[in-house]
1. In whole angstrom, how far apart do the alpha carbon centroids of region 611-686 and region 390-421 sit?
2. Please work out how much length the chain gains when fully extended from residue 362 to residue 657, using 0.36 nm per residue of separation minus the C-alpha to C-alpha distance, in nm with one decimal.
3. Could you work out the local net charge near residue 298, counting Lys and Arg as +1, Asp and Glu as -1, over the other residues with Cβ closer than 13 Å to its Cβ?
4. How much of the pair distance distribution for region 142-197 lies past 17 Å, counting alpha-carbon pairs only, in percent?
5. Please work out the FRET efficiency for the pair residue 596 and residue 160, using the Cβ-Cβ distance as r and a Förster radius of 25 Å; give the result to the nearest 0.05.
6. Once amide H atoms are placed 1.01 Å from N in the peptide plane, what residues at a sequence separation of 5 or more from residue 289, or on another chain, have their amide H within under 5 Å of its amide H?
7. Rounded to the nearest 500, what is the 222 nm mean residue ellipticity of the chain from helices alone, with -39500 (n - 2.57) per DSSP H run of 4+ residues and division by all residues?
8. Between residue 324 and residue 191, what length in nm is gained on full extension when 0.36 nm per residue of separation is reduced by their alpha carbon distance?
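The values are calculated or read from the model by the stated rules, or taken from the named source; none is laboratory data. Just so we're clear, the structure is a prediction, and the values are computed from it rather than from any experiment. Positions of Cβ are generated from backbone atoms using ideal geometry, with glycine treated the same way; all protein chains shown enter the neighbour counts. Surface accessibility is based on the protein's heavy atoms, side chains included, excluding ligands, DNA and RNA. Shrake-Rupley method; radii C 1.70, N 1.55, O 1.52, S 1.80 Å.
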Amino acid sequence: MPVQSKMETNRRTRRALLVPAAAVATVAATRLAADAFVAPVLRTVTSVSQGAEGIAPSTSASASASSAGQTSSVGAGFVALGALATAASLRAGAKRPQRGQALAAVTTDVDTEAVNAIRFLAVDAVNKSNSGHPGAPMGQAPIGYVLFAEEMKYSTGNTKWVDRDRFVLSSGHGCMLQYALLHLSGFDSVSLDDIKQFRQWGSKTPGHPENFETAGIEVTTGPLGMGISNAVGLAAAEAHLSAVYNKPGLPLIDHYTYCILGDGCMQEGISHESCSLAGHLGLGKLIAFWDDNGITIDGHTELSFTEDVGKRYEAYGWQVLTVEDGNTDVDAIRKAIAEAKKCTDKPTLIKVKTIIGYGSPNKADSHDAHGSPLGADEAAATRKQLDWKYDVFEVPQGAYDTFRAHASKGAQKEEEWNKLWAEYQEKEPELAAQFKRAVMDKKLPDGWVEALPKYSADDKGKATRINSQDCLNALAPIMPELIGGSADLAPSNMTLMKCTGDYAKGQYAERNMRFGIREFGMGAMCNAMSLDSTGLVPYCATFLIFTDYMRGAIRIAALSQAGTIFVMTHDSIAVGEDGPTHQPIETIPSLRLIPDLVVMRPADGNETSGAYKYAVERSKFDSRPTLLCLSRQVLPNLELSSIANVEKGAYACLECADPEIILVSTGSEVSLCMDAAKAMDGKKVRVVSMPSWEVFRGQSASYKEELLPANVPKLSVEAAHTMGWSEFSDAHVGVNVFGASAPGGTCLDKFGFNVDNVVSCAEKCMGGAKGVLSDGSQAKH
């Protein structure tokens with residue numbers, strides 16, 4: 001079948017699910033007055049005559065449609081209406097009617113009222129802002145309803161309760177779903193006025209979910225696929241903490257992670273990375289709902305996305321379930337969740353077939369409902385079709401009551417957990433003390449700073465990646481909250497903790513995470529492990545050049561205030577033989593451009609220890625990310641380096657009064673500048689090590705002027721692109737061209753990182769020369 005024809009056929013099939021109905025007193029299965037439209041799941045359903053052939057009571061719309069044997073959308077739709085109305089009455093305690101028996105009127109369908117309250121809050125907010133994505137919330141509303149009004153364990157009064165269920169909206173553009181759910185459930189963070197200010201300056205309802213703006217939001221989503229990867233990280237954190245702390249009869253950590261993702265998330269590569277790992281790890285408390293509506297911005301997904309996603313996830317090691325009608329069959333969603341929870345050794349993907357913009361007569365099942373407001377006229381038509389008799393932003397009290405009744409149960413569950421915690425402290429005092437410090441109070445253990453390695457100038461130098469390994473292994477035995485690993489480069493990144501084993505299926509208490517070659521997914525998972533708010537200090541590692549694979553996760557770490565420690569090694573052209581594909585040039589300067597990310601490039605062992613002190617405290621206390629750039633090659637220890645000096649961001653590692661020239665450097669080039677200063681006989685030279693631009697910027701104006709006086713010529717020396725150095729120096733030695741394949745020492749020499757070239761450039765700088773004096777291009781001629 002031609003693509004266009006197939007798409008049109010699928011479109012007609014999906015549109016058939018937009019069920020026409022009317023408030024009719026008596027109706028036969030073969031006839032239905034279709035000149036008016038009402039909600040696919042009726043709020044008010046009048047009795048059906050005994051002569052209505054083929055209508056059997058059922059809690060499943062699909063089962064009713066099957067028994068009816070109808071082929072028309074009208075007949076199938078009516079059966080769905082009757083079935084779901086019956087289901088609601090059965091849940092309220094009514095007896096199940098016999099086949100052929102008249103169905104009693106249901107005055108209020110709780111499910112429908114709550115679901116449509118979500119839908120119209122989304123429609124109205126997007127219309128008012130004249131911006132946003134109404135279609136996804138309209139289709140996903142039944143999923144959100146079942147989760148927040150029935151399934152999830154949460155406390156509106158304590159959004160950081162450690163044993164709450166976690167919810168992630170990976171399709172973050174549909175965030176009005178999440179805001180509506182938070183509001184209806186009674187979270188103080190989202191009032192009706194906040195919803196009316198959707199996407200406006202200063203509101204608590206921004207255009208994508210932001211955990212730092214809105215209490216009740218776990219992680220910041222928006223870049224598609226990021227959210228499901230965060231959800232994998234949250235589930236991994238739960239598995240770890242439960243394995244460490246739970247004891248028989250004392251399930252201190254016992255919660256689920258739920259995630260809604262869309263077709264776009266399924267296509268993004270990051271979701272492949274993290275979901276593959278989730279299946280490998282067997283994270284059984286991860287339940288993901290795929291909103292399978294077949295629409296992206298370009299149009300129907302048949303344009304570019306035709307694989308069998310279910311089989312792909314089964315190959316990953318997931319359980320895959322299907323809800324055929326996610327628009328109306330609320331019971332099927334309930335049953336799927338129950339089935340998912342029975343499977344404890346695999347994550348579950350629930351494929352929920354929905355219609356984007358469900359209920360909109362003219363825009364449903366089209367990209368028109370994806371990223372644009374419905375408009376006033378279409379909103380009115382949708383109200384008529386869904387029999388929603390309430391005005392703009394009007395929510396019936398019954399909908400509030402439904403959600404808040406469940407929210408009150410969450411408060412009770414938190415109280416029960418507090419009693420469990422009291423019992424735990426009596427029966428497991430040692431673990432309880434650790435849990436209180438690390439998880440609840442978010443404090444670091446006594447003596448942890450003292451445990452960091454210290455070096456003298458006489459100590460044999462090491463590559464700073466080896467110094468990093470020493471730091472990790474000094475901290476690991478006394479910091480059980482330290483957890484992380486590498487993207488298949490542990491022997492090169494030197495990131496294995498010797499006191500613990502591999503985090504794996506069946507051994508979640510261990511702390512060495514084997515992420516595989518999945519840099520982007522790794523970063524997103526670690527961000528979530530920090531944002532889990534359980535005191536974990538996650539780190540992840542790869543070669544510095546491969547931050548390009550995970551740049552989105554690093555940026556979101558900074559934006560969302562995640563305390564991930566990024567451990568990046570092989571930080572310059574000194575990588576050597578692997579050549580320019582593996583030699584970072586522009587990487588460090590570009591990372592420094594990310595707001596709220598602190599980049600550290602230590603010059604020796606003490607500076608590496610100082611970098612870890614800073615990074616661990618920033619992670620634990622402030623929940624902010626730090627990125628370490630570490631050398632492959634051996635570096636000598638400096639005489640004046642110290643942990644305390646790193647906290648200044650920059651300091652004089654070779655001091656002199658009234659300097660004639662100041663050499664400012666980072667990392668491996670600091671020792672080069674020390675050698676160049678010694679070679680400048682008769683000149684008064686100060687050498688400044690600047691392990692972190694960001695930290696130095698935070699120092700007092702007087703300290704910065706004292707260290708780098710405005711009236712003294714300053715030359716920067718760094719084996720990276722010179723961009724940005726003009727903030728601190730007048731002239732620059734760098735490498736603004738791609739590297740080459742040769743031994744690391746040869747590369748450094750050829751690209752100008754040798755004593756002679758630095759001395760020559762320093763003399764030019766003293767003579768008034770400014771700008772880039774050496775950019776590595778000489779190596780190319």
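1. 55 Å
2. Here the segment from residue 362 to residue 657 would lengthen by 98.4 nm.
3. Net charge in that neighbourhood comes out at -3.
4. In whole percent, the long-distance tail amounts to 37.
5. Step by step, r from the Cβ atoms, then E = 0.75.
6. 259, 260, 261, 350
7. -11500 deg cm²/dmol
8. Between residue 324 and residue 191, full extension yields an extra 44.5 nm.
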